Amino acid sequence: MTSTTEPAGTSGGAASDAERPSTWSTALVTGASSGIGRAMAHRLAAEGTALVAVARDEGRLRAFADEVAVDVEVLVADLADPAQLARVEARVADAERPVDLVVNNAGFGTYGPLASLDVDDETLEIAVNVTAVVRLTHAAVAAMVPRGRGAVLNVGSVAGLQATPGNATYGASKAFVASFGESVAGELAGTGVTLTTVLPGFTHTEFAERAGIGGRKVPKPAWQTADAVAATALDAARSGRPWVVPGALNKVLVSVAGPVPRRLKRVLAARAAKGM
């Protein structure tokens, strides 16, 4: 394994993956230092896919690079910073070093009534969860369509399917990811390039702990591991599916929520956000 570095700015299942032929030569994964992004990167590495690992924490990225047996290019970047985001865009668009798969996984959430939150943090959340996704998706498809091949995998959330008091900006940002991804997937039909949006539910990651939801009274069957989400997401991307909800319970909840009146859904979502 070799590792190269760009200048800084501001698993289970691996054995079976090793038997699977690599779908992509090189994948760029944002938020690769932890959680779902790290699980995806591990699975891709097990298949023999070279990686461009993107995150803010250089130490964690280098530790990950030391764990896997493929080439890992460490690209340290804060996607809320326009200049650093531009460096990642340039790497995605680099025709001399083509990327076959772009995973837009980086994101964060803020929780609580909007009036009590720091508006600067809310706009940073939009920058990472929305602006970076749009710019990196644009860079990816602009480079891939002329080649006639490639894939984008955007990580949304079931939180984007329902307005949730106390979770307004995060839910709205993931609603954008869902609608944006489904639309672009339709535009890409027939080009040889695909876009898949994955919508996880409750997942055991540092994200959940930082957001303060790790200890909530969420039914045990509702939780998934990051590796399980990663496996479902990557399988969907390989198949070119535009949309996937991991987990049987999440699928059921999403399907039955459709006929429920919006006012009732808001009330139930608000109760869930407060810890049931």
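The values are calculated or read from the model by the stated rules, or taken from the named source; none is laboratory data. As the structure is a prediction and not an experimental result, all values here were calculated from the model. Heads up, the Cβs are rebuilt from the backbone with ideal geometry, glycines too, and the neighbour counts pull from every protein chain shown.
The single condition from (1) modelled with pLDDT under 95; (2) β-branched (V, I, T); (3) in contact with a Lys or Arg (Cβ under 9 Å, 6 or more places away or on another chain) that T196 fails is (1).
I'd like to know if segment 52-59 contains one or more residues that are in contact with a Lys or Arg (Cβ under 9 Å, 6 or more places away or on another chain), surrounded by 14 or more Cβ atoms within 10 Å (Cβ to Cβ) and modelled with pLDDT under 95. There is no residue in segment 52-59 that is in contact with a Lys or Arg (Cβ under 9 Å, 6 or more places away or on another chain), surrounded by 14 or more Cβ atoms within 10 Å (Cβ to Cβ) and modelled with pLDDT under 95.
For segment 199-232, filtered to residues that are touching a helix residue (DSSP H, G or I) at 6+ places or on another chain (Cβ under 7 Å), closer than 20 Å to N105 by Cα and assigned to a helix (DSSP H, G or I), the residue that is modelled with the lowest pLDDT is F207. Checking each residue in segment 84-133 for being part of a helix (DSSP H, G or I), over 26 Å from T194 (Cβ atoms) and polar (S, T, N, Q) picks out Q84, S116, T123.
Candidates in segment 9-49 are the residues that are farther than 22 Å from T197 by Cα and either modelled with pLDDT of 95 or more or buried (at least 22 other Cβ atoms within 10 Å of the Cβ) (or both); of these, the one that is farthest from the chain's Cα centre (by Cα) is G48. Please verify whether V158 is among the aliphatic types (A, V, I, L, M) and at pLDDT 80 or above, treating the condition exactly as stated. In short, yes.
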